[in-house]
Amino acid sequence: MRIKVLINFLLVLIIVPNISYAQKLDSIRSTLLKEVLISDTIRRESIQKESSSRIDNTMIEKIETISVGDLAKYIAGVNVKDYGGIGGLKTISVRGLGSNHSAVIYDGISVTDFQTGQVDLSKFSSSNIKEIRLYNGQSYSLLQPARALASSNAFFIETIRPGFDSTERFKTTLKTTYGSFNYANLGINSAFKINNIWTSLLDLDINNTSGKYPYLLRYGNNGNDSTSKEIRKNSDYFGFRSELNLFGSFNSSTDIKLKAYYFYSERGLPMSTTYYYTNSGQRLWDENFFLQSIFTHKLNNRLEYRNHLKALYSFTHYYDSKAITFLGYQSDTYYQREYYINNVGSYKICKNFSTSLSNDIILNNLNSPNLFISSAQRVSSLSAWSFLYDNSKLLINANILNTIVEDRSDLSTTPLIKKHFSPFLSLGYTFKNSITISLFYKDIFRMPTFNDLYFNRVNESKLKPELTKQLNLHLEYFKSLGFYKTNSIDISLDIYHNKVNDKIIAVPQRNLFIWSVINYGQVDINGIDLQTMFRAYLPYSIDLRVRSTYSYQYVVDISNKESVTYKNQVPYTPKHSGSLFINLKHPFIDFSYTFSFVGKRYSLPQNTERNLLKPYQDHSITISKDINLKKQKMNIGLSCLNLLGEKYEVVINYPMPQRQFRINFKIYL
């Protein structure tokens, strides 16, 4: 009840003043202004100088994916941990740093799971995504929350914002998909132009699958050991997601975005396929609801202000009917709550020089009445002072971030307080508008999660925060080739070195819900990310797009020269990985081919043959066709995923689906 009251109060604070303001404008307006989108103080030229990787809406539409987690594997430097099937958890690790170091920003505000620190990207559908962009280090925008600066990298997810011509007021897109293993999906996207100020967008998405896919069970690591063909059990999934967005553009200086998000899922948690044990009695229920708003106002040509607000409620229920307890089963419930406010203002000191101040206040609370620690609370304050100099050739971006965190739990009367200053500096220069070179340094730290410290089913942990230092050199070449219409090529290379002290490593202990967590000591990370993008308009109305990535990551333990794991690759981090995307678009038909590969990895710190996970490749194709009806437009597509039917595991003993087919229909009303 208190949550509902607070949420309503926050909405009243945001909406009522702006509605009254809009009414005043209406009373004096004599001409209708065209819609103007508010942009940050940073200009487009500076984007080239950032170390980043982008997947745009065109590529998203061409790849047959269900969630954002499926798309992330096409981004350089990203390692996706996929636990199999439609309902399998999907988390990302960027440049060997672990998923906790990635800030997932959904439409401008961070998505958090402070219980585990790992955001499950399978909760976000790819059907309503406009763009995904990964910033190594951080974005150079001045009007962003301090929390977006408080991670080693930032994973921005931007959803589609509706646009209308002068005669439109309402439009809807219906999408349905059916595929192997009884997979079914229904998506509805409806946009409505309320008036000249307000537009709305409702997006609904339902996924369901039995998850019963075939796999090969191996009874040992030796190639001569016995095998049997099995069907994956307890891997079913049902998920429902809904989003309601309101966009208000009051004039050329004032803009507001409101979002209500709800997600519910029920899934089986399949056991690791070892010791002839192929079934599981574990179930997981997730429920997430949040409200968020972003209000932007440009006071004059020099001063801009932005406010971010968010209130979140999350419920998780884990049940194991086969657990060995005095009850004969295990049933745990977790309740998360977060209240978040950010204020940020930017000031243009002179033509090319700007500064900003940003402050976040965050209250997190986690309750679990079934465990020996029933409650933990964290209060965080993040403050950032940023500077940006950009004259289109030279760019200098710097900030200092101050983090103060206070933890309290049932087991301790003394609060745990941590403080840290995190500097960031980036220099970039563009030669002849085609070659860019930039360098950044960042010092960051991250607190252990609530599961790490309190809810680990062992005792209160003494884990230390991770301390990370990043150094990155970015080179980029862009050229418009200029033959037969517009053709272009874009090549970027990143060379980086990261050092992590007291690195926290989490691996599944008995199942996908209970993990083992340790401080790993000191880890050295050296790597290379290479990206190429090519587009050409060919004769016969053919539009060709090619995008490729390659990553090399050397992520090793250097904490103790006497240890058996000294200079061993960190678990689940491949040295080599990459992807390829090719799209041929013709008015008659649209063809896409995707390829991804991951080199060998190890499931445990010791790099032995017993812990080896073999490399794998994934080939997929999609063929689609636009059909113009009398009043509507329809698209039909056929896809084959894992075309060669490769048998592989992303996480040891969690086999992935082999070859599968999907057919989808999309109707634009």
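Some values worked out for this structure:
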{"read-out": "Any hit, the stretch 261-280, residues being under 19 Å from I109 (Cα atoms) and either part of a loop (DSSP other than H, G, I, E, B) or not hydroxyl-bearing (S, T, Y) (or both)", "value": "yes"}
{"read-out": "Residues of the stretch 634-660 classified as part of a strand (DSSP E or B), closer than 20 Å to K233 by Cα and at pLDDT 90 or above, total", "value": "1"}
{"read-out": "Subset of the stretch 50-87 (residues that are among the hydrophobic types (A, V, I, L, M, F, W, C) and assigned to a helix (DSSP H, G or I))", "value": "M59, I60, V68, L71, A72"}
{"read-out": "Some residue of the stretch 308-317 being at pLDDT 90 or above, closer than 30 Å to I396 by Cα, touching a Ser or Thr at 6+ places or on another chain (Cβ under 9 Å) and part of a strand (DSSP E or B)", "value": "yes"}
{"read-out": "Residue in the stretch 239-250 that is closer than 27 Å to S321 by Cα, free of Cβ contacts under 8 Å to residues at least 60 places away in the same chain and in a loop (DSSP other than H, G, I, E, B) present", "value": "no"}
{"read-out": "Qualifying positions in the stretch 124-156 - part of a loop (DSSP other than H, G, I, E, B), of a type in the set (F, W, Y) and under 15 Å from the mean Cα position of the chain (by Cα)", "value": "F124"}
{"read-out": "Only one of S228, S252 that is surrounded by fewer than 14 Cβ atoms within 10 Å (Cβ to Cβ), over 18 Å from E649 (Cβ atoms), among the polar types (S, T, N, Q) and over 26 Å from the mean Cα position of the chain (by Cα)", "value": "S252"}
{"read-out": "Residue in the stretch 390-400 that is of a type outside the set (V, I, T), assigned to a strand (DSSP E or B) and more than 30 Å from S492 (Cβ to Cβ) present", "value": "no"}
{"read-out": "Members of the stretch 600-618 found to be buried (at least 17 other Cβ atoms within 10 Å of the Cβ) and either part of a strand (DSSP E or B) or within 23 Å of the chain's Cα centre (by Cα) (or both), listed by number", "value": "R601, Y602, L613, Y616, D618"}
{"read-out": "Answer from S579, S548 - the residue that is surrounded by 20 or more Cβ atoms within 10 Å (Cβ to Cβ) and within 20 Å of R54 (Cα to Cα)", "value": "S579"}
{"read-out": "Residues of the stretch 318-356 that turn out to be in contact with a Pro (Cβ under 7 Å, 6 or more places away or on another chain) and among the aliphatic types (A, V, I, L, M), as a count", "value": "1"}
{"read-out": "Unique residue being surrounded by fewer than 12 Cβ atoms within 10 Å (Cβ to Cβ) and at pLDDT 90 or above when the list is N189, N208, N221, N195", "value": "N195"}
{"read-out": "Residues being at negative phi, in a loop (DSSP other than H, G, I, E, B) and not charged (D, E, K, R) - total across the stretch 548-585", "value": "12"}
{"read-out": "Residues within the stretch 157-209 that are more than 22 Å from the chain's Cα centre (by Cα), part of a loop (DSSP other than H, G, I, E, B) and of a type in the set (A, V, I, L, M, F, W, C), tallied", "value": "4"}
{"read-out": "Leading residue by the ranking (farthest from the chain's Cα centre (by Cα)) among those in the stretch 384-414 that are of a type in the set (S, T, N, Q) and under 20 Å from N433 (Cα atoms)", "value": "N391"}
{"read-out": "Pair list, Cβ < 6 Å and 6+ apart or interchain, from the stretch 285-300 residues that are farther than 30 Å from Q330 by Cβ to residues that are outside any strand (DSSP E or B) and among the small types (G, A, S)", "value": "I294/G108; K298/S253"}
{"read-out": "Filtered residues of the stretch 619-656 (kept if β-branched (V, I, T) and either under 27 Å from the mean Cα position of the chain (by Cα) or surrounded by 13 or more Cβ atoms within 10 Å (Cβ to Cβ) (or both))", "value": "I621, T622, I623, I636, V650, V651, I652"}
{"read-out": "Test: residue in the stretch 196-213 that is under 23 Å from K614 (Cβ atoms) and either hydroxyl-bearing (S, T, Y) or touching a strand residue (DSSP E or B) at 6+ places or on another chain (Cβ under 9 Å) (or both)", "value": "yes"}
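Residue by residue, here is whether (1) modelled with pLDDT under 85; (2) aliphatic (A, V, I, L, M) holds:
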position	(1), (2)
D40	yes, no
I66	yes, yes
L71	no, yes
G84	yes, no
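Yes or no, residue by residue, for (1) surrounded by fewer than 20 Cβ atoms within 10 Å (Cβ to Cβ); (2) touching a His at 6+ places or on another chain (Cβ under 8 Å); (3) not polar (S, T, N, Q):
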residue: A384; (1), (2), (3): no, no, yes
residue: N399; (1), (2), (3): no, no, no
residue: S409; (1), (2), (3): no, no, no
residue: L416; (1), (2), (3): yes, no, yes
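The values are calculated or read from the model by the stated rules, or taken from the named source; none is laboratory data. In this text, all values refer to a predicted model and were calculated from it rather than measured experimentally. Every residue, glycine among them, receives a Cβ derived from its backbone with ideal geometry; neighbour counts consider all protein chains shown.
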